[in-house]
Amino acid sequence: MTTLNKILYAEDEADIREIATLALEVIGELETITCESGATVIDLAIKFQPQVILLDVMMPDMDGPTTLKALKENPQLSHLPVIFLTAKILPDEINRFKSLGAVDVISKPFDPMTLADQIKEIWANL
């Protein structure tokens, strides 16, 4: 498997986006592009060609599960692994997200020092 180096992260909260970007780029040495809505993910994913997409579950307009569904329905993007970041970390919710096609779920608040390592570990186990 190739080394993980490109991530797309959709998060509607600017402060969380900023912390995650620093964690992924500075600590994790990963090229990261972010956006604030699920609606933007499709266009950015086609242009940026990420290896993994991180999605906040709760976003206005187009939430994480709806965005995941749109990704899975797009032949150019359906192969991309999606990881949800959410405060909803109950086992039933995790199972539901995985049944929708997410490869894993990371809880928020996340640890900026270990976020990139968590994602790299998920990537290594795909």
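Each reported figure results from applying straightforward, stated rules to the coordinates on display, with no laboratory input. If you're wondering where the values come from, they're calculated on a predicted model, not measured in any experiment. Glycine also receives a Cβ, built like all others from the backbone with ideal geometry; neighbour counts cover every protein chain displayed.
Worth a mention:
- Rounded to two decimals, the Cα radius of gyration of the chain over 2.2 N^0.38 Å is 0.94.
- Taking the average, over residues, of other Cβ atoms within 10 Å as the packing measure, peptides 34-46, 85-97 rank 34-46, 85-97 from highest down.
- Antiparallel DSSP beta bridges within segment 6-124, percent to nearest 5: 0
- The fraction of Cα-Cα pairs per 5 angstrom bin, counted from 0 for segment 35-81, comes to 5, 26, 38, 24, 8 percent, rounded to whole percents.
- Euclidean distance of C-alpha centroids, segment 79-106 and segment 21-71, integer Å: 14
- With the helix formula -39500 (n - 2.57) applied to DSSP H stretches of n ≥ 4, the chain reaches a computed 222 nm mean residue ellipticity of -11500 deg cm²/dmol.
- Amide H contacts under 5 Å for Met59, placed H, 5+ residues apart: Gly64
- Cα lying deepest toward the dipole's positive end in the chain, options Asn95, Met59, Val105, charges on Cβ: Asn95
- Charged-residue dipole, Cβ positions (Lys, Arg, Asp, Glu), the chain about Cα centre, Debye nearest 20: 500
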